[in-house]
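First the structure, in the form of structure tokens, and then the observations on it.
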Amino acid sequence: MLQTLTIQNLALIEKLSLDFHSGFTTLTGETGAGKSILLDALGLALGERADSGLVRHGTARADITADFDINGLAQVQTWLTENEFDDQEDDAYSCLLRRTITSEGRSKAYINGLPASISQLKALSDLLIDIHGQHEHQSLLHSNKQLELLDAYANHPAQLQSVREAYQQWQSLKKRHQELLEQQTDRQSQLDLLSFQLQEFDKVMPVADEYDGLAEEQNSLAHANEIKQAVFNAYDLIEGDGGVSEKLNSAIHALESVTEYSPALASVAEQLNSLLIDAQEAANDIQAQDHHIDLDPVRLQAVDDRLSELFGLAKRYTLEPQDLVEKHQQIRESLAELQDSDASLEQLKQEIDLAETAYQKAATALTKSRQTSGKKLSDTVTDAMKTLGMENGQFKIDISPADKPSATGSDAVSFQVTANKGQPLQPLAKVASGGELSRISLAIQVASAEVASLPTLIFDEVDVGIGGGIAEVVGQKMQQLGQHRQIFSITHLAQVAAYGQHHLNIAKATVGEQTLTQVTTLNEAERVEELARMLGGMTITENTRNHAKEMLATAQKG
């Protein structure tokens, strides 16, 4: 549940920290006092779109933090762990959502102090809280919203996922089948082209790494005479008459003949001897290389011809010679695939039939679940309509085959209603007046809330358009919901506000030169005054206060 909401520099709020409790909490205040700002703040913490215009005038940044108690919320704890937002050091049963917005419009989000994306913030908040807006009844007129609401009530995410995956697999196979069919229109021309290309490549038959090896060999063969002459000259300069070896030997003998008189020259002689050994080894290596130098004009011509063949093929296909082998394989595979396209089409057709059968099976199971839940929700909403002053009202969810299958199944959902006895059921949009639509919407929302798994529900002026005894029933309903989860109701109706276990008042106040929004937790006496204001308007009489006191006492007995 929501434990704390902290707001800084948002609209008319300078700094505000609110502690919340379990059960049913009402929020009241005069029009324009700032009740919507609290919802805007909470919405920002939950990942709603940021608007720099909400940043308090004259400040650089707004900062909103919402602290949730997630003890017992296994799904939330699992999500935090999987996304690496679980807090191992602090309270494992607390979840902190934070959002900052600068006056330039930049926004940052955090989960348990760690940077998060807005999509992650929204995904997590969907597991924590649900807000029923005052304009919710308008969205109920759309069939997609009606289907969405029924699925939420049925609580069958696994079946929805099965249908979605089966549909995607079915459509993917159909798309591939269509692509192959389109390829069939110019199949023969493609076959001729690929066959010709394969013949060209088969004639040349490029081999992996061949081109680089031949290029190196060509370079050696083309310069064999130069290489051989250089090797001969080098060897002769080392081992020939008057060469390096002979001169080093002479130098060594000269020094060794006088080392008896100059011992220091012995080390110099050793250095020269080491040089002589290195020179002789180098000469041996040069001589060995001489045997590998091939003066073979026939081989050179063969290498030139092969390189010319490879280069010519690469040029025709705008390739590097090193890429010929890969291209050869691609042509083989494309030709084989095209030659087998008839078999592939038949195989795909069989797979499409199987995928369609799997989809129909999953969709049928989903339809049955919707029908079961639709009947239950219809009865529940009908009962709620009666308690909300529509004694002859009847509500029914009609589930019929959709025009075409989709990722959400094969059903078309229509909310059917009649408000008067003897009148047939018709689509919601055709028969409900504004006031009736508000009450029907409220009945649906309350019925949905009773089975909701979310720990916190907020009703934002959903009781608009009703009053009197019906408003009292709404208050009773919300008080009952508050026995199982945390309920907030922003309301203008004293009959609803009286049923709250906790009561917050939102008001504007002038502090110095500034106008600020303030929130106060009301005690019993203050609640009586607020209820009297809501009942009596500008002039509050003692009778109005007594009425408010009696209303509060009666509501709190429940």
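Please treat every number below as a calculation from the coordinates, not as lab data. Predicted model, so just to flag it, every value in this text is computed and none were measured. Please note: Cβ atoms are built from the backbone with ideal geometry, for glycine as well, and neighbour counts cover all protein chains shown.
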For this session: Taking H placed 1.01 Å from N in the peptide plane, check which residues at least 5 places from residue 155 or on another chain put their amide H under 5 Å from its amide H.
Result: none
Problem set entry | Sequence-separation-based contact order of the range 188-339, relative, with Cα cut under 8 Å and 6+ spacing, percent | 41 percent
Exercise. What ³J(HN,Hα) values, in whole Hz, does the Karplus curve 6.51 cos²θ - 1.76 cosθ + 1.60 give for the range 236-241 when θ = phi - 60°, with x put for Gly and Pro?
Worked result: 5, 5, 8, 10, x, 4
Problem set entry | Amide H partners (placed H, <5 Å) of residue 56, local residues excluded | 10, 11
For this session: Sort 85, 24 so the one with the fewest other Cβ atoms within 10 Å of its own Cβ comes first.
Result: 85, 24
Exercise. When ranked by the protection proxy of mean other Cβ atoms within 10 Å per residue, highest first, what sequence do the peptides 527-535, 15-23 form?
Worked result: 527-535, 15-23
Exercise. How large is ³J(HN,Hα) for each residue in the range 123-133, as worked out from phi by the Karplus curve 6.51 cos²θ - 1.76 cosθ + 1.60 (θ = phi - 60°), to whole Hz, x for Gly and Pro?
Worked result: 4, 5, 5, 5, 8, 10, 8, 9, 10, 9, x
Problem set entry | In nm, spacing of pseudo-spin labels at residue 12 and residue 199 (7 Å Cα→C-beta vector) | 8.7 nm
Seminar exercise, completed: Length gained, residue 184-residue 375, 0.36 nm per residue minus C-alpha separation, equals 63.7 nm
Exercise. Among (1) 316; (2) 170; (3) 203, which is the computed volume of the Cα convex hull per residue in Å³?
Worked result: (1)
For this session: Could you tell me the distance between the Cα centroids of the range 224-289 and the range 132-202, to the nearest Å?
Result: 81 Å
Problem set entry | the range 188-339 shape via C-alpha gyration tensor axes, a/c threshold 1.5 | prolate
Problem set entry | Share, in percent, of DSSP beta bridges within the chain that are antiparallel, nearest 5 | 75 percent
Seminar exercise, completed: In whole angstrom, largest first, the equivalent ellipsoid semi-axes that the Cα gyration tensor gives for the range 1-125 are 25, 19, 11
Seminar exercise, completed: Non-local residues with an amide H under 5 Å from the amide H of residue 24, with H modelled 1.01 Å from N and Pro and chain starts lacking one, are 487, 501, 502
Problem set entry | Computed lengthening from residue 520 to residue 145, 0.36 nm per intervening residue step minus Cα-Cα distance | 131.4 nm
For this session: Would you list, by chain and number, the aspartates and glutamates whose Cα falls below 14 Å from the Cα of residue 122, excluding same-chain residues fewer than 8 positions away?
Result: 48, 130
For this session: Apply the Karplus parameterisation 6.51 cos²θ - 1.76 cosθ + 1.60, with θ equal to phi minus 60°, to every residue of the range 149-155 and state each ³J(HN,Hα) to the nearest whole Hz, in sequence, with x for glycine and proline.
Result: 5, 4, 5, 5, 5, 5, 6
Problem set entry | Sparsely packed trypsin sites (Lys or Arg not before Pro) within the range 380-477, loop by DSSP, other Cβ within 10 Å at most 10 | 421
Problem set entry | Cα-Cα over 32 Å, subset of 145/508; 375/557; 375/430; 35/404; 35/108; 145/361 | 145/508; 375/557; 35/404
